[in-house]
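The values are calculated or read from the model by the stated rules, or taken from the named source; none is laboratory data. What you see is a predicted model, and the numbers here were worked out from it, not measured in a lab. Don't worry about glycine lacking a Cβ; one is built from the backbone with ideal geometry, like all the others, and counts go over all protein chains shown. Keep in mind that these areas ignore ligands, DNA and RNA; they rest on the heavy atoms of the full protein, side chains included. Shrake-Rupley method; radii C 1.70, N 1.55, O 1.52, S 1.80 Å.
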Amino acid sequence: MDAYLSTSYRANVSGGPCVLHVGSRSQNLLDIFSNFHTKSAAFITAENPLGNRLPDGENRLRVNALLADAKVLDLPCFEGEGVGEDPSWAPERSALLLGLTFEQAVHLGRHHGQNAIIWAGEDAVPKLVILR
């Protein structure tokens, strides 16, 4: 759990980078909410399901499937990565999705085999949501 809490969740949003930290209100995220007329976001990866390290090629396919799911939902989606403090664990390619419901975010995280996702409601405070 500590690894999730100390990770920087970075997305390349139009206009510049957005870096989220669990428990810290993000003015940048509030600005993004305003620009995209939404009040929610989730940061999700599809890499390394259930914490099991996979080869790069397999992880790439998994994240592409997550991005395809976001496209089907017709949600603004920005690629990024989760960067932890442990140098032995490579940054995980991820996505910041805007405007989805909490239930949609949980479903996507579970569908892509994740232990957890990051969720932010209209207060723009990213929260760790354990899925397993």
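A crude spin-label estimate for the pair L73 and L5, with each label 7 Å from Cα along the Cβ direction, gives 2.6 nm.
The charge dipole of the chain, taken about the Cα centre with unit charges on the Cβ atoms of Lys, Arg (+1) and Asp, Glu (-1), comes to about 160 debye, rounded to the nearest 20. Loop-resident GluC sites (Glu not before Pro) (DSSP state other than H, G, I, E or B) in region 1-98 with no more than 15 further Cβ atoms inside 10 Å of their Cβ: E85.
Within the full protein context, the accessible area of K39 is estimated at about 130 Å² for a probe radius of 1.4 Å.
Shown is the FRET efficiency for V19 and R110, computed with R0 = 22 Å from the Cβ-Cβ distance and rounded to the nearest 0.05: 0.30.
Under the simplified labelling scheme, the W89-L50 pair shows an inter-label distance of 1.7 nm, with each label point 7 Å from Cα along Cα→Cβ. Computed over region 41-105, relative contact order equals 42 percent, with contacts defined as Cα pairs under 8 Å that lie 6+ residues apart. For the chain, the fraction of 1.4 Å probe accessible surface lying on carbon and sulfur atoms is 53 percent. Distance distribution P(r), the chain, all Cα-Cα pairs, bin width 5 angstrom from 0: 2, 11, 23, 27, 21, 11, 4, 0 percent. Computed from Cα atoms, the angle from the helix 27-36 axis to the main principal axis of the chain rounds to 70 degrees.
Accessible surface for the chain, divided over its residues, is 53 Å² per residue with a 1.4 Å probe. In region 1-60, the alpha-carbon atoms span a convex hull of 113 Å³ per residue.
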